[in-house]
Structures are given as C-alpha cells and as structure tokens.
Amino acid sequence: MMGCDGYGQHGQGVRLPCRPHLPMRPAWLCRNCAAPWPCSRAQLDLVGEFYGHSLALALYLASCMNEAIQDQFNLGGHPDLVEMHARFLGWLSLTRRPRHRRPER
Ligand SMILES: [Zn+2]
C-alpha cells in the first residue's frame with residue numbers, strides 16, 4: 001500500500017473514519033484507500049449524494065473523467081479511453097433503476 005499523500009498515516013491499520021474518499025490528482029487515486037477513483041466506497045457515497053439525480057451524477061463523472069484523461073496526457077501518459085470510461089461511468093449502469101418497467105397485467 002502506498003503511503004498516500006503525506007497526511008500522516010500511521011500505518012499499523014490505523015483508520016481515520018472521517019476522511020472522505022475523494023480523488024487525489026493528478027493520479028486520480030482515492031485519498032483514503034488509494035484505489036483508482038472512484039473506488040467502490042466513493043461510488044457508494046456518490047450514489048447517495050446524487051440520489052435521484054442520476055443525470056447530474058453522470059455529468060459530474062464525465063467531467064471528472066475528462067479531467068483525469070487530461071491529467072494523464074499532461075503527465076505524458078496515454079490513457080486508455082475505453083478503460084477510463086468504464087472506470088468513471090461504466091459502473092453507473094449498475095445503479096440505474098429500471099424506472100419504466102412495470103409489471104404486466
Ligand atoms: Zn476510497
């Protein structure tokens with residue numbers, strides 16, 4: 001596990017429960033768990049935060065994805081656009097509710 005961003009992690013499994021799962025740029029790794037953002041916990045938080053506003057969430061994630069792609073280019077990297085899309089937006093379909101599906105009579 002990487003030492004995160006120098007906020008004084010003490011190792012030894014010390015957990016700081018209040019630290020939000022936000023992206024650390026330009027690497028776009030979670031500040032809390034160092035997983036590629038949005039990590040699963042960040043996804044949960046986002047779904048809760050944007051509950052009932054799935055379009056706004058999709059737009060937010062799309063803008064995050066664009067920034068992450070730009071950051072990678074700026075770092076001289078070659079982001080895999082398909083992978084980035086799957087990472088930032090692909091999981092959204094899992095939370096989409098089948099709104100118009102009604103039981104047939
Ligand atoms: Zn996280």
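Read the figures in this text as sums done on the coordinates, not as results from a lab. Since we're looking at a predicted model, the values are computed, not measured. Cβ coordinates were reconstructed from backbone atoms using ideal geometry, including for glycine residues, and neighbour counts include every protein chain displayed.
For Met24, what residues show an amide H to amide H distance below 5 Å, using hydrogens built from the backbone and excluding near sequence neighbours?
Distant-sequence amide H within range of Met24: Leu29, Cys30, Arg31.
What distance in nm separates the simple spin-label points at Glu83 and Gln70, each placed 7 Å from Cα in the Cβ direction?
It is 2.2 nm.
With 10 angstrom as the radius, rank Asp80, Asp71 by how many other C-beta atoms surround their C-beta, starting from the fewest.
Result, fewest neighbours first: Asp80, Asp71.
If you put +1 on each Lys and Arg Cβ and -1 on each Asp and Glu Cβ, how big is the dipole of the stretch 29-95 around its Cα centre, in Debye rounded to 20?
Result for the stretch 29-95 is approximately 140 debye, rounded to the nearest 20.
Would you mind ranking Arg87, Arg19 so that the residue whose beta carbon has the fewest other beta carbons within 10 Å leads the list?
Neighbour counts put them in this order, fewest first: Arg19, Arg87.
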